[in-house]
Amino acid sequence: MRAAEVVVGQVYLANVSGRVVPVRIERPVLVGFRQRRAWEATNLVTGRRVLIRSAQRLRQVAPAVAVALSLGVPPSWEEEPS
């Protein structure tokens, strides 16, 4: 993914600690001596803040099913009838 394609507020699948998890981009930040572009994000599996220093860590826009599963909400087709 390219840095110009990243949208604040969007949920992406990202590589965090060797695992691909959904993260929500919270805000852009500038890091380092050269003030490079980065993004502060929230890991939706753990709820922790992560710093995405490179757009290469972002894989794709997260499908709704991946976001629902990370939040513990069963997808509608797996719900038992009441």
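Read-outs: derived from the displayed coordinates by stated rules, not from any lab. Just so you know, these numbers come straight off a predicted model, no measurement behind them. Cβ coordinates were reconstructed from backbone atoms using ideal geometry, including for glycine residues, and neighbour counts include every protein chain displayed.
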Exercise. With θ set to phi - 60° and the Karplus curve 6.51 cos²θ - 1.76 cosθ + 1.60, what are the ³J(HN,Hα) couplings of segment 48-57 in order, to the nearest whole Hz, using x for Gly and Pro?
Worked result: 7, 7, 10, 9, 9, 7, 9, 5, 5, 6
Exercise. Which net charge results when you count Lys and Arg as +1 and Asp and Glu as -1 among the other residues whose beta-carbon is under 15 Å from that of Val61?
Worked result: +3
